[in-house]
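Since the structure comes first, as structure tokens, the remarks are kept for the end.
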Amino acid sequence: MNSQLPNSFRSGPDDRGHFGIFGGRFVAETLMPLILDLEQAYADAKADPAFQREMNGYLKDYVGRPSPLYYAERLTQHLGGAKIYFKREELNHTGSHKVNNVLGQIMVARRMGKKRIIAETGAGQHGVATATLCARFGLECIVFMGAVDVERQQPNVIRMEMLGATVVPVQVGARTLKDAMNEAMRDWVTNVADTFYCIGTVAGPHPYPMMVRDFQSIIGVETKAQMQEVEGRLPDSLVACIGGGSNAMGLFHPFLDDPSVEIFGVEAAGHGLTQLHAASIAGGRAGVLHGNRTYLLMDRDGQIEEGHSISAGLDYPGIGPEHAWLHEMKRVQYLSATDDEALEAFKLLSKLEGIIPALEPAHAIAKVMELAPARPADHLMVVNLSGRGDKDIPQVAEILRKGKG
Amino acid sequence: MTTRIDTRFKALEAEGRAALVTFLMAGDPDLKTSLDIITALPAAGADIIEIGMPFTDPMADGPAIQAAGIRALKAGTTLHKTLDMVAAFRNGDATTPIVLMGYYNPIFIYGVDQFLIDAKQAGVDGLIIVDLPPEEDSELCIPAMRAGLNFIRLATPTTDDKRLPAVLANTSGFVYYVSITGITGSASAKSSDVGAAVARIRRHTKLPVCVGFGIRTPEAARDIARHASGAVVGSALVDALKASLDADGRATPKTVSAVADLVAALAQGVRGAKQAAE
């Protein structure tokens, strides 16, 4: 398959939701009619200029877009190499890129007449974004969150509850993001008639990977225009962290057919790739879970293994199917950063740039610390700063305190 | 192609009664006890045996069957061992149909072609794969039909008349009507709703229509058996099995009989039903 390169890396998925062998619609029959309805509703919305106009209005005045493209001067000087820019998604309302997708899906849900919104969340960023938009539009919101994540992301749990959402701690399995997604799907199967499942990443059954990518692509579209404005040309490289991969896909997708742009995705290597980690491309293989075929962490019998990462948002044993395909096509290079490397990057960025990043993009910064020094000063590197670190402060403080003791 | 499933439904039709279809998880609570249980099922009154293939992420299952899967995996159950268990059962029973039920990933990882060869060889008659809708028929459904295995499809309350033909197109053996929108072991449907739904499906197919989800008692099984070609009972059996285990989740001398006794009572219920006129 690798010998036959497609004419475009941006034409997928096909009408059955496949990116090469990845993607698809591996769901229970109960959900299938609903997924076909959603596909139709999204196609109609996409073709409706009024939908686009309304969404652009909210993106500007409610989310606060466009997000800035910021030249990270001190980090650039410190690393001594490529000129580093941050795409400041952490400045969006709710503090991460997640809101771009949630706004789009909630508007589709409204068109479909759905009054009850469910979501899964890991770090809580997607849950907070969903709770926020549900508050804004007067919709019932139920967020499934692994009990372990409820514990380590308390600030976001409190935020969701203040916004009027019900947070359901999931007590099965490893009690993290994978289990939250299982419970969300069980709720969806039970409440099909009135419920819209707002998936937080570029995964799940078709049309979710495509739809979420489309809503997140505004990140890359803006970056392209902003870079043109300040530097008069395309960037030379893009770097983003990957759990399911929505912030990365949003940045990458508009650049996939620009061959001069090097693209790097950064998975969570946890304690290291030979130990507990959440790097499904580096340490997994193709399998079927949560409605799609993609790279997954599993044992030799096809039983899914738990991811592990310091970052609750990357703690998932799979990755969006389009990333799996871009990996096989060798269009994007997938790297990984360990918990310790991410912590170092977290500390460095806080002190050098006065920006406390979320632990998720700290993984991307960790790889920038390796990639940038090896590149010349006229190399333009864009990192997606996908979320802010407020939610991580108690957890990081605890880790640093223990490290000192 | 005639499978043991087809033969069994023909015989039941001649008897004028519905089938009792039982579900238990392979390897729950351990492989030996699990084999002893399924071996005891035909004499207790099970007409068709469904065996769950345990999976870490059973997205359509409620707490009872989730826990059964966890017990089975802890006991070292794999798809290979599940097929070995079917082969061992088949040594002593040449006629009772065996249907494997579960999720696609363990089969995909086993390798579809090899799995179908090994399953046929072991004496498996049909497959129910929850996360393979007709949209993904090329994955396993079509190859299974070619290999001589029935691919049994789930139809649900959300499967409307427009969609039913697509769902039924490549279905064989029987149709499994999921009587509620929900996960296994949750609510029960009203008998009258089930009757209407079965009649609706029968307007589209001559295949037997079995009904499952939420059937827990002999009375409920009898109600369903009046309308349908078969009643499927799963979570209630899994619960009875679990209640017989010791504090550490191990089998006790009561485990096999706890399941067999409930199956016998359910079989009484099914056999006591008068089939509603069509």
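The values are calculated or read from the model by the stated rules, or taken from the named source; none is laboratory data. Quick caveat: nothing in here was measured; it's all calculated off a predicted structure. So basically every Cβ, Gly included, is an ideal-geometry build from the backbone, and we count neighbours across all protein chains shown. In case anyone asks, the SASA skips ligands and DNA or RNA and just uses the protein heavy atoms, side chains included. Shrake-Rupley method; radii C 1.70, N 1.55, O 1.52, S 1.80 Å.
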| note | Counting only protein heavy atoms with a 1.4 Å probe and every protein chain in place, the carbon and sulfur fraction of the accessible surface of chain A in whole percent equals 52 percent
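How big is the shadow of the Cα convex hull of the protein assembly as shown, averaged over all directions, in nm²?
Mean projected area of the Cα convex hull: 30.3 nm².
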| query | Which lysines have a Cα lying under 18 Å from the Cα of B:LYS81, excluding residues fewer than 8 positions away in the same chain? | reply | B:LYS32, B:LYS120
| request: Quick one: plug the Kirkwood hydrodynamic radius of region A:1-147 (C-alpha pairs) into Stokes-Einstein at 37 °C, 0.692 mPa s, and report D in µm²/s. | output: 179 µm²/s
| field | Cysteines, chain A, no other Cys beta-carbon under 4.7 Å | value | A:CYS198, A:CYS241
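Order B:GLU139, B:GLU219, most accessible first, counting only protein heavy atoms with a 1.4 angstrom probe. Write down the numbers at each step before the final one.
Numbers: B:GLU139 30, B:GLU219 100 Å².
Highest to lowest solvent-accessible surface, that is B:GLU219, B:GLU139.
Where does each of A:223-235, A:112-124, B:229-241, B:105-117 land if you order them by average Cβ count within 10 Å, highest first?
Working: A:223-235: 15.4, A:112-124: 23.2, B:229-241: 25.1, B:105-117: 18.5.
In descending order of packing, they fall as B:229-241, A:112-124, B:105-117, A:223-235.
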| Amide hydrogen neighbours beyond the local backbone of A:PHE22, cut-off 5 Å, H modeled | none
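Quick one: compute the contact order of chain B, relative version, from alpha carbon pairs under 8 angstrom and 6+ residues apart, as a percent. Show your work: numbers first, answer last.
On the way: 535 pairs, mean separation 64.8, N = 278.
So the answer I get is 23 percent.
Carbon and sulfur atoms: what percent of the 1.4 Å accessible area of chain B do they account for? Write out the running numbers ahead of the final one.
Details: 5590 of 10440 Å².
Using a 1.4 Å probe with all protein chains present, chain B comes out at 54 percent carbon and sulfur.
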| remark: For region A:287-304 the residues that are at least 20 Å² less accessible with all protein chains than alone, 1.4 Å probe, are A:VAL288, A:LEU289, A:ARG293, A:ASP301, A:GLY302, A:GLN303, A:ILE304
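Given a Förster distance of 56 angstrom, what is the FRET efficiency for A:TYR62 paired with B:SER191, based on the Cβ-Cβ distance and rounded to 0.05?
So the FRET efficiency works out to roughly 0.65.
Where does chain A land at 222 nm, in deg cm²/dmol rounded to the nearest 500, when only DSSP H runs of n ≥ 4 count, each adding -39500 (n - 2.57), divided by all residues?
Numbers: 16 runs with 170 residues, N = 405.
Helices in chain A give a 222 nm mean residue ellipticity of -12500 deg cm²/dmol.
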| query | Could you give the nm distance between label points at B:ALA243 and B:GLU15, where each point is 7 Å from its Cα heading toward the beta carbon? | reply | 2.6 nm
| Along its principal axes, what span do the Cα atoms of region B:4-271 show, with the longest given first and each in whole Å? | 49, 42, 33
| Per residue, what accessible area does the protein assembly as shown have, given a 1.4 Å probe and all protein chains present, in Å²? | 36 Å²
| task | Please list, or write none, the aspartates and glutamates whose alpha carbon is within less than 14 Å of the alpha carbon of A:LYS98, excluding same-chain residues fewer than 8 places away. | result | A:GLU89, A:GLU90, A:GLU120, A:ASP214, A:GLU360
| request: Ignoring ligands, DNA and RNA and using a 1.4 Å probe, state the total buried accessible area between A and B in Å², rounded to the nearest 100. | output: 2900 Å²
| Among the listed pairs A:LYS224/A:LYS367; B:LYS162/B:LYS190; A:LYS367/A:LYS391; A:LYS114/A:LYS391; A:LYS178/B:LYS74, which are separated by more than 26 Å between their Cα atoms? | A:LYS114/A:LYS391
| note | Put A:LYS391, B:LYS10 in order of accessible area, largest first, probe 1.4 Å, and you get B:LYS10, A:LYS391
| remark: Rounded to the nearest 0.05, FRET efficiency between A:ALA50 and A:ASP194 (Cβ-Cβ, R0 30 Å) equals 0.75
| query | Can you give the average number of partner chain beta-carbon atoms within 10 Å of each beta-carbon in peptide A:173-185, as a whole number? | reply | 2
